[in-house]
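Accompanying notes for the structure given below.
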Amino acid sequence: MSLEGKTAVITGSNSGIGLGIAHEMAKAGASVVINSFTDREEDHALAAQIAEAHGVDVRYIQADMSKGAECRGLIEKAGRCDILINNAGIQHVCPIDEFPVDKWDAIIAINMNSAFHTMAAALPKMRAAGWGRVVNIASAHGLTASPFKSAYIAAKHGVVGMTKSVALETAREPITANAICPGYVLTPLVEAQIPDTMKEYNMTREEVVENVMLTRQPSKEFATVEQMGGTAVFLCSDAAAQITGTTISVDGGWTAL
Ligand code: NAD
(Lines give C-alpha, C1' and ligand atoms only; values in the text may rest on other atoms or scores of the structure.)
Protein backbone atom coordinates (compact mmCIF):
# COMPACT_ATOMS: atom_id res chain seq x y z
CA MET A 1 0.00 0.00 0.00
CA SER A 2 1.65 3.25 -1.07
CA LEU A 3 0.84 6.71 0.25
CA GLU A 4 3.64 8.28 -1.78
CA GLY A 5 2.83 11.86 -2.75
CA LYS A 6 0.44 12.32 0.18
CA THR A 7 1.09 14.48 3.23
CA ALA A 8 -0.22 13.25 6.59
CA VAL A 9 -0.69 15.71 9.45
CA ILE A 10 -0.94 13.97 12.83
CA THR A 11 -1.86 16.01 15.90
CA GLY A 12 -0.25 15.09 19.24
CA SER A 13 2.34 12.80 17.69
CA ASN A 14 5.57 13.07 19.64
CA SER A 15 4.45 10.15 21.83
CA GLY A 16 2.25 7.05 22.03
CA ILE A 17 -0.35 6.29 19.36
CA GLY A 18 0.34 9.43 17.31
CA LEU A 19 4.01 8.53 17.05
CA GLY A 20 3.11 4.96 16.11
CA ILE A 21 0.81 6.27 13.38
CA ALA A 22 3.57 8.63 12.16
CA HIS A 23 5.91 5.66 11.69
CA GLU A 24 3.31 3.60 9.80
CA MET A 25 2.36 6.56 7.55
CA ALA A 26 6.05 7.19 6.80
CA LYS A 27 6.60 3.47 6.17
CA ALA A 28 3.76 3.64 3.61
CA GLY A 29 5.61 6.47 1.84
CA ALA A 30 3.67 9.53 3.03
CA SER A 31 5.34 12.80 3.96
CA VAL A 32 4.51 13.37 7.60
CA VAL A 33 3.95 16.35 9.89
CA ILE A 34 4.23 15.50 13.57
CA ASN A 35 3.02 17.89 16.27
CA SER A 36 2.75 18.70 19.92
CA PHE A 37 2.56 21.84 22.06
CA THR A 38 6.26 21.76 23.00
CA ASP A 39 9.12 23.11 20.88
CA ARG A 40 12.13 21.18 22.13
CA GLU A 41 15.21 20.01 20.27
CA GLU A 42 14.11 16.42 20.79
CA ASP A 43 10.80 17.10 19.02
CA HIS A 44 12.66 18.13 15.86
CA ALA A 45 15.17 15.29 16.36
CA LEU A 46 12.25 12.84 16.48
CA ALA A 47 11.05 14.10 13.09
CA ALA A 48 14.57 13.60 11.70
CA GLN A 49 14.67 10.03 13.13
CA ILE A 50 11.37 9.06 11.49
CA ALA A 51 12.51 10.62 8.20
CA GLU A 52 15.75 8.68 8.30
CA ALA A 53 14.08 5.39 9.25
CA HIS A 54 11.64 5.51 6.32
CA GLY A 55 13.29 7.77 3.73
CA VAL A 56 10.46 10.33 3.62
CA ASP A 57 10.07 14.00 4.51
CA VAL A 58 9.03 14.50 8.16
CA ARG A 59 8.58 17.88 9.86
CA TYR A 60 7.75 18.78 13.45
CA ILE A 61 5.36 21.74 13.80
CA GLN A 62 4.65 23.11 17.26
CA ALA A 63 0.98 24.02 17.89
CA ASP A 64 -1.16 23.84 21.02
CA MET A 65 -4.30 21.83 20.23
CA SER A 66 -6.14 23.45 23.15
CA LYS A 67 -6.23 26.67 21.11
CA GLY A 68 -8.46 26.89 18.04
CA ALA A 69 -6.26 29.38 16.16
CA GLU A 70 -3.20 27.16 16.65
CA CYS A 71 -5.10 24.09 15.40
CA ARG A 72 -5.96 25.96 12.21
CA GLY A 73 -2.41 27.38 12.07
CA LEU A 74 -0.95 23.85 12.13
CA ILE A 75 -2.86 22.95 8.96
CA GLU A 76 -1.83 26.20 7.28
CA LYS A 77 1.84 25.72 8.19
CA ALA A 78 1.74 22.11 6.95
CA GLY A 79 1.00 23.39 3.43
CA ARG A 80 -0.58 20.21 2.08
CA CYS A 81 -2.89 18.10 4.22
CA ASP A 82 -4.12 15.06 2.31
CA ILE A 83 -4.44 12.92 5.41
CA LEU A 84 -5.53 14.42 8.72
CA ILE A 85 -5.17 12.32 11.86
CA ASN A 86 -6.74 13.94 14.91
CA ASN A 87 -4.97 12.15 17.72
CA ALA A 88 -3.99 14.71 20.41
CA GLY A 89 -5.65 13.81 23.66
CA ILE A 90 -5.39 14.00 27.43
CA GLN A 91 -7.22 12.30 30.27
CA HIS A 92 -8.29 13.10 33.83
CA VAL A 93 -9.95 10.57 36.12
CA CYS A 94 -12.26 12.00 38.80
CA PRO A 95 -15.90 11.77 39.97
CA ILE A 96 -18.03 14.39 38.19
CA ASP A 97 -18.96 16.31 41.34
CA GLU A 98 -15.26 16.88 42.07
CA PHE A 99 -14.12 17.25 38.45
CA PRO A 100 -11.89 20.38 38.16
CA VAL A 101 -13.43 22.83 35.70
CA ASP A 102 -10.06 23.65 34.11
CA LYS A 103 -9.49 19.92 33.43
CA TRP A 104 -12.97 19.60 31.91
CA ASP A 105 -12.31 22.58 29.62
CA ALA A 106 -8.88 21.30 28.58
CA ILE A 107 -10.16 17.81 27.75
CA ILE A 108 -13.06 19.14 25.68
CA ALA A 109 -10.73 21.58 23.89
CA ILE A 110 -7.89 19.16 23.11
CA ASN A 111 -9.83 15.91 22.61
CA MET A 112 -12.82 17.32 20.72
CA ASN A 113 -12.72 20.98 19.68
CA SER A 114 -9.29 20.61 18.06
CA ALA A 115 -10.78 18.14 15.56
CA PHE A 116 -13.41 20.73 14.60
CA HIS A 117 -10.73 23.35 13.92
CA THR A 118 -8.30 21.08 12.04
CA MET A 119 -11.06 19.54 9.89
CA ALA A 120 -12.45 23.00 9.07
CA ALA A 121 -8.98 24.09 7.95
CA ALA A 122 -8.05 20.84 6.16
CA LEU A 123 -11.18 20.14 4.10
CA PRO A 124 -10.63 23.02 1.62
CA LYS A 125 -7.08 21.70 1.02
CA MET A 126 -8.39 18.16 0.46
CA ARG A 127 -11.01 19.50 -1.96
CA ALA A 128 -8.35 21.45 -3.85
CA ALA A 129 -6.18 18.31 -4.06
CA GLY A 130 -9.15 16.16 -5.14
CA TRP A 131 -8.55 13.54 -2.42
CA GLY A 132 -8.62 13.42 1.35
CA ARG A 133 -8.76 11.17 4.36
CA VAL A 134 -9.75 12.17 7.90
CA VAL A 135 -8.99 9.66 10.64
CA ASN A 136 -10.08 10.71 14.09
CA ILE A 137 -8.67 8.77 17.02
CA ALA A 138 -11.71 8.37 19.27
CA SER A 139 -11.82 5.49 21.78
CA ALA A 140 -13.86 2.53 23.00
CA HIS A 141 -14.96 5.34 25.33
CA GLY A 142 -16.47 7.05 22.26
CA LEU A 143 -18.97 4.17 22.14
CA THR A 144 -19.29 3.08 25.78
CA ALA A 145 -18.70 4.66 29.19
CA SER A 146 -16.84 4.08 32.44
CA PRO A 147 -17.19 5.96 35.72
CA PHE A 148 -14.92 8.92 36.61
CA LYS A 149 -14.12 9.85 32.98
CA SER A 150 -17.05 12.17 32.18
CA ALA A 151 -15.08 14.78 30.22
CA TYR A 152 -13.14 12.23 28.19
CA ILE A 153 -16.25 10.23 27.38
CA ALA A 154 -18.22 13.34 26.42
CA ALA A 155 -15.36 14.45 24.14
CA LYS A 156 -14.89 11.03 22.51
CA HIS A 157 -18.63 10.55 21.89
CA GLY A 158 -18.54 14.05 20.40
CA VAL A 159 -15.68 13.09 18.07
CA VAL A 160 -17.58 10.02 16.85
CA GLY A 161 -20.66 12.16 16.12
CA MET A 162 -18.63 14.91 14.44
CA THR A 163 -16.91 12.29 12.24
CA LYS A 164 -20.28 11.04 10.99
CA SER A 165 -21.42 14.58 10.23
CA VAL A 166 -18.26 15.39 8.24
CA ALA A 167 -18.58 12.09 6.35
CA LEU A 168 -22.08 13.11 5.25
CA GLU A 169 -20.89 16.58 4.25
CA THR A 170 -18.15 15.03 2.05
CA ALA A 171 -20.05 11.92 0.92
CA ARG A 172 -20.14 12.95 -2.77
CA GLU A 173 -16.44 13.85 -2.81
CA PRO A 174 -13.29 11.67 -2.86
CA ILE A 175 -12.87 12.35 0.83
CA THR A 176 -13.66 10.02 3.73
CA ALA A 177 -13.92 10.60 7.48
CA ASN A 178 -13.78 7.77 10.00
CA ALA A 179 -12.89 7.21 13.62
CA ILE A 180 -10.66 4.54 15.09
CA CYS A 181 -11.83 3.42 18.52
CA PRO A 182 -8.91 1.87 20.39
CA GLY A 183 -9.32 -0.15 23.54
CA TYR A 184 -6.44 0.10 26.00
CA VAL A 185 -3.03 0.71 24.44
CA LEU A 186 -0.10 0.90 26.86
CA THR A 187 1.11 4.48 26.20
CA PRO A 188 2.19 7.32 28.53
CA LEU A 189 -1.50 8.45 28.68
CA VAL A 190 -2.57 5.08 30.09
CA GLU A 191 0.45 4.82 32.42
CA ALA A 192 -0.53 8.19 33.90
CA GLN A 193 -4.06 6.95 34.72
CA ILE A 194 -2.83 4.02 36.77
CA PRO A 195 -2.00 5.92 40.02
CA ASP A 196 -5.38 7.78 40.08
CA THR A 197 -7.29 4.60 39.31
CA MET A 198 -5.36 2.77 42.06
CA LYS A 199 -6.55 5.49 44.46
CA GLU A 200 -10.17 5.51 43.18
CA TYR A 201 -10.56 1.75 43.50
CA ASN A 202 -8.01 1.17 46.30
CA MET A 203 -6.12 -1.36 44.17
CA THR A 204 -2.52 -2.26 43.35
CA ARG A 205 -1.07 -1.50 39.91
CA GLU A 206 -1.45 -5.15 38.85
CA GLU A 207 -5.08 -5.18 40.01
CA VAL A 208 -5.83 -1.98 38.04
CA VAL A 209 -4.29 -3.45 34.85
CA GLU A 210 -6.00 -6.82 35.27
CA ASN A 211 -9.33 -5.89 36.91
CA VAL A 212 -10.05 -2.37 35.62
CA MET A 213 -8.28 -1.84 32.29
CA LEU A 214 -8.15 -5.27 30.70
CA THR A 215 -11.31 -6.51 32.39
CA ARG A 216 -13.27 -4.85 29.53
CA GLN A 217 -10.79 -6.12 26.91
CA PRO A 218 -11.67 -9.80 26.31
CA SER A 219 -8.37 -10.48 24.49
CA LYS A 220 -6.63 -9.62 27.82
CA GLU A 221 -3.94 -7.89 25.79
CA PHE A 222 -3.17 -4.23 25.28
CA ALA A 223 -3.55 -3.13 21.64
CA THR A 224 -0.36 -1.69 20.13
CA VAL A 225 0.53 1.64 18.54
CA GLU A 226 1.62 -0.25 15.40
CA GLN A 227 -1.88 -1.73 15.10
CA MET A 228 -3.37 1.79 15.32
CA GLY A 229 -0.95 2.95 12.60
CA GLY A 230 -1.79 -0.02 10.39
CA THR A 231 -5.52 0.64 10.75
CA ALA A 232 -5.02 4.32 9.87
CA VAL A 233 -2.99 3.36 6.77
CA PHE A 234 -5.75 0.93 5.75
CA LEU A 235 -8.35 3.73 6.04
CA CYS A 236 -6.21 5.75 3.60
CA SER A 237 -6.06 2.91 1.05
CA ASP A 238 -8.18 2.47 -2.08
CA ALA A 239 -9.82 -0.55 -0.41
CA ALA A 240 -11.32 1.84 2.15
CA ALA A 241 -12.60 4.43 -0.35
CA GLN A 242 -16.24 3.54 0.43
CA ILE A 243 -15.68 3.32 4.18
CA THR A 244 -16.87 6.64 5.57
CA GLY A 245 -18.78 7.93 8.56
CA THR A 246 -18.05 4.88 10.64
CA THR A 247 -15.93 3.63 13.51
CA ILE A 248 -13.39 0.82 13.53
CA SER A 249 -12.82 -0.70 16.94
CA VAL A 250 -9.32 -1.98 17.70
CA ASP A 251 -10.17 -3.08 21.21
CA GLY A 252 -9.64 -6.83 21.65
CA GLY A 253 -13.42 -7.36 21.67
CA TRP A 254 -14.36 -4.70 24.29
CA THR A 255 -17.37 -3.33 22.40
CA ALA A 256 -18.63 -6.82 21.51
CA LEU A 257 -19.39 -7.51 25.16
P1 NAD B 1 0.01 10.03 24.88
O2 NAD B 1 -0.08 10.81 26.13
O3 NAD B 1 1.14 9.08 24.69
O4 NAD B 1 0.00 11.00 23.62
C5 NAD B 1 -0.82 12.13 23.57
C6 NAD B 1 -0.20 13.08 22.58
O7 NAD B 1 -0.98 14.27 22.57
C8 NAD B 1 1.22 13.49 22.96
O9 NAD B 1 2.03 13.54 21.79
C10 NAD B 1 1.04 14.87 23.56
O11 NAD B 1 2.19 15.67 23.42
C12 NAD B 1 -0.10 15.38 22.72
N13 NAD B 1 -0.79 16.50 23.31
C14 NAD B 1 -1.32 16.62 24.56
N15 NAD B 1 -1.80 17.86 24.73
C16 NAD B 1 -1.60 18.52 23.57
C17 NAD B 1 -1.86 19.84 23.14
N18 NAD B 1 -2.44 20.74 23.94
N19 NAD B 1 -1.49 20.19 21.89
C20 NAD B 1 -0.87 19.31 21.07
N21 NAD B 1 -0.59 18.05 21.44
C22 NAD B 1 -0.95 17.67 22.67
O23 NAD B 1 -1.40 9.30 24.71
P24 NAD B 1 -1.93 8.17 23.73
O25 NAD B 1 -2.39 7.06 24.56
O26 NAD B 1 -0.99 7.92 22.63
O27 NAD B 1 -3.24 8.89 23.18
C28 NAD B 1 -3.39 9.34 21.86
C29 NAD B 1 -4.86 9.41 21.51
O30 NAD B 1 -5.42 8.10 21.55
C31 NAD B 1 -5.69 10.26 22.46
O32 NAD B 1 -6.66 10.99 21.74
C33 NAD B 1 -6.34 9.23 23.34
O34 NAD B 1 -7.53 9.68 23.89
C35 NAD B 1 -6.58 8.10 22.35
N36 NAD B 1 -6.77 6.80 22.97
C37 NAD B 1 -5.78 6.22 23.70
C38 NAD B 1 -6.02 4.97 24.27
C39 NAD B 1 -4.97 4.27 25.06
O40 NAD B 1 -5.28 3.23 25.65
N41 NAD B 1 -3.74 4.73 25.10
C42 NAD B 1 -7.25 4.34 24.10
C43 NAD B 1 -8.22 4.97 23.35
C44 NAD B 1 -7.97 6.20 22.79
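The values are calculated or read from the model by the stated rules, or taken from the named source; none is laboratory data. Since we're looking at a predicted model, the values are computed, not measured. Don't worry about glycine lacking a Cβ; one is built from the backbone with ideal geometry, like all the others, and counts go over all protein chains shown. SASA here: full protein model, heavy atoms, side chains in, ligands and nucleic acids out. Shrake-Rupley method; radii C 1.70, N 1.55, O 1.52, S 1.80 Å.
Some points to look at:
- Matching option when the condition is open to solvent by 30 Å² or more (accessible area, probe 1.4 Å) and touching a Leu at 6+ places or on another chain (Cβ under 7 Å), among Gln91, Gln62: Gln91
- In summary, Thr224 fulfils each of the numbered conditions (1) surrounded by 20 or more Cβ atoms within 10 Å (Cβ to Cβ); (2) in contact with a helix residue (DSSP H, G or I) (Cβ under 9 Å, 6 or more places away or on another chain) with the single exception of condition (1).
- The stretch 150-163, subset surrounded by 22 or more Cβ atoms within 10 Å (Cβ to Cβ) and of a type outside the set (A, V, I, L, M), residue nearest to the chain's Cα centre (by Cα): Lys156
- Filter result for Val32 (buried (at least 19 other Cβ atoms within 10 Å of the Cβ) and of a type in the set (A, V, I, L, M)): yes
- Options Ala109, Ala129, Ala122, Ala115; residue that is closer than 26 Å to Thr197 by Cα, at pLDDT 95 or above and not polar (S, T, N, Q): Ala109
- Restricting attention to the stretch 174-208, the residues that are more than 14 Å from the ligand (Cβ to nearest atom) and under 14 Å from the mean Cα position of the chain (by Cα) total 2.
- No other residue among Glu70, Glu42, Glu52 is over 15 Å from the mean Cα position of the chain (by Cα), under 23 Å from Leu186 (Cα atoms) and open to solvent by 60 Å² or more (accessible area, probe 1.4 Å) apart from Glu42.
- Cβ-Cβ contacts under 7 Å between residues 6 or more apart (or on different chains), taken from a first residue in the stretch 93-116 that is closer than 18 Å to Phe148 by Cβ and assigned by TED's automatic domain parsing to the domain that holds Lys67 to a second residue that is of a type in the set (D, E, K, R) and open to solvent by 20 Å² or more (accessible area, probe 1.4 Å), are listed as Val93/Asp196; Val93/Glu200.
- Subset of the stretch 2-19 (residues that are open to solvent by 10 Å² or more (accessible area, probe 1.4 Å) and either of a type outside the set (Asp, Glu) or within 9 Å of the ligand (Cβ to nearest atom) (or both)): Ser2, Gly5, Lys6, Thr7, Gly12, Asn14, Ser15, Gly16, Ile17, Leu19
- Every condition in (1) assigned to a loop (DSSP other than H, G, I, E, B); (2) more than 13 Å from the ligand (Cβ to nearest atom) is met by Glu221 except one, and the failing one is (2).
- Among (1) open to solvent by 60 Å² or more (accessible area, probe 1.4 Å); (2) without any contact (Cβ under 8 Å) to a residue 24 or more places away in the chain; (3) closer than 24 Å to Phe148 by Cα, the one test that Ala239 misses: (3)
- Given (1) touching a residue at least 40 places away in the same chain (Cβ under 8 Å); (2) farther than 17 Å from Ala22 by Cβ; (3) in a helix (DSSP H, G or I), number of the condition Thr231 does not satisfy: (2)
- Every residue from the stretch 1-27 that is outside any helix (DSSP H, G or I) and within 14 Å of Ala232 (Cα to Cα): Met1, Ser2, Leu3, Lys6, Thr7, Ala8, Val9, Ile10, Thr11, Ser13
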